[in-house]
Amino acid sequence: MIRLKDVEMEYPNGTRAIRGISAAIEDGEFVFIVGDSGAGKSTLLKLLTREIAPTSGRVFVNGYNLAKIKNKKIPYFRRSIGMIFQDFRLIPDLNVYDNVAFVLRVTNKSKKTIRHRVPYVLNLVKLADRAKSYPEKLSGGEKQRVAIARAFASDPKLIIADEPTANIDPALSYDIVKLLKEINKCGTTVIMVTHEHSLVEYFGGRIVSLKNGEVIFDEYVEGEAQDE
């Protein structure tokens, strides 16, 4: 569950990036966040992952009050979130299996858990046959599917996807969103930031639009996919 109440974010240089946002995202929702460059999307994500604290207001994510959280608890909070980046951020000298297993190892999951969980998520993203391949041998779409598997490996309550289709073939963008939708059906909350309006129009659902640090639209919209 995510709650923002009267959230303001002003940077030291005087830029007011977030202006009085109040919003709620329930467990299990899939939400598109859209907006032009400078609308406040990146700042909002930094607030939700506690890279920065709000200037004022309250931010609650997965039971944590991020306006008051102690520094020593931030790593534990972040374990409840899976992050997907537009530049993939795979470890080049680890194969696909170990890239996904990495997030489980650093959180001290048992070898038994890793042996069961990694093949499961690789099968989910249809990369079971690429488990021993290294990132340099993968296409952009495959790299992003590895990144999605890694984000989902620890079964987080929330996945945040920051422009996950920006660096892949446009024809594959729909497959990436479909995959995120499948993960959402497992009960994981998904927030996807995108500038690709064609994807939003196709899939529909809840759309939150930002402009100049404010929410100017927050509605459920029927998409083309829902008519098929």
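The values are calculated or read from the model by the stated rules, or taken from the named source; none is laboratory data. The model shown is predicted, which means the values in this text are computed figures rather than measured ones. Cβ sites come from the backbone with ideal geometry, for glycine too, and all protein chains shown count toward neighbours. Heads up: the accessible areas ignore ligands, DNA and RNA and are worked out on the full protein's heavy atoms, side chains in. Shrake-Rupley method; radii C 1.70, N 1.55, O 1.52, S 1.80 Å.
Odds and ends about this structure:
- A simple charge model with +1 on the Cβ of Lys and Arg, -1 on the Cβ of Asp and Glu and nothing else charged puts the dipole of the chain at about 1700 debye relative to its Cα centre.
- Cβ-placed point charges (K, R +1; D, E -1), dipole of the stretch 1-102 about Cα centre in debye, nearest 20: 560 debye
- Each peptide among 119-125, 190-196 gets the average number of other Cβ atoms lying within 10 Å of its residues, and from highest to lowest they stand as 190-196, 119-125.
- Other residues whose C-beta falls under 11 angstrom from the C-beta of ARG206 contribute a net charge of -4, scoring Lys and Arg +1 and Asp and Glu -1.
- The chain - accessible surface per residue (Å², probe 1.4 Å): 51 Å²
- Dipole orientation for the chain: of the candidates LEU172, HIS197, HIS116, HIS116 has the Cα lying most toward the positive pole (charges on Cβ; Lys, Arg +1; Asp, Glu -1).
- Between the helical axis of 140-153 and the longest alpha-carbon principal axis of the chain there is an angle of about 80 degrees.
- For the stretch 189-203, Karplus couplings with θ = phi - 60° (6.51, -1.76, 1.60), whole Hz, Gly/Pro x: 5, 10, 10, 10, 8, 8, 10, 8, 5, 5, 5, 4, 5, 6, 7
- Short-range pairs are left out: with C-alpha atoms under 8 Å and at least six residues apart, the relative contact order of the chain is 27 percent.
- With respect to the chain, whose longest principal axis is taken over its alpha-carbon atoms, helix 111-124 is tilted by about 80°.
- Computed from point charges on the beta carbon alone (+1 for Lys and Arg, -1 for Asp and Glu), the dipole magnitude for the stretch 49-92 about its Cα centre is near 320 Debye.
- Of the accessible area of the stretch 149-208, computed with a 1.4 Å probe over protein heavy atoms only, carbon and sulfur atoms account for 50 percent.
- The modelled label-to-label distance for the pair ASP218/ARG105, using points 7 Å beyond Cα in the direction of Cβ, is 4.2 nm.
- DSSP bridge orientation in the chain - percent antiparallel, rounded to nearest 5: 55 percent
- Of LYS72/LYS185; LYS109/LYS211; LYS72/LYS178; LYS70/LYS126; LYS41/LYS143, pairs whose Cα-Cα distance is over 30 Å: LYS72/LYS185; LYS109/LYS211; LYS72/LYS178; LYS70/LYS126
- Dipole-positive endmost among PHE88, ILE216, ALA39 within the chain (Cβ charges, Cα centre): PHE88
- For the stretch 1-100, the share of accessible area belonging to carbon and sulfur comes to 48 percent (1.4 Å probe, ligands and nucleic acids excluded).
- When shorter helices are ignored and each DSSP H run of at least 4 residues is given -39500 (n - 2.57), the per-residue value for the chain at 222 nm works out to -9500 deg cm²/dmol.
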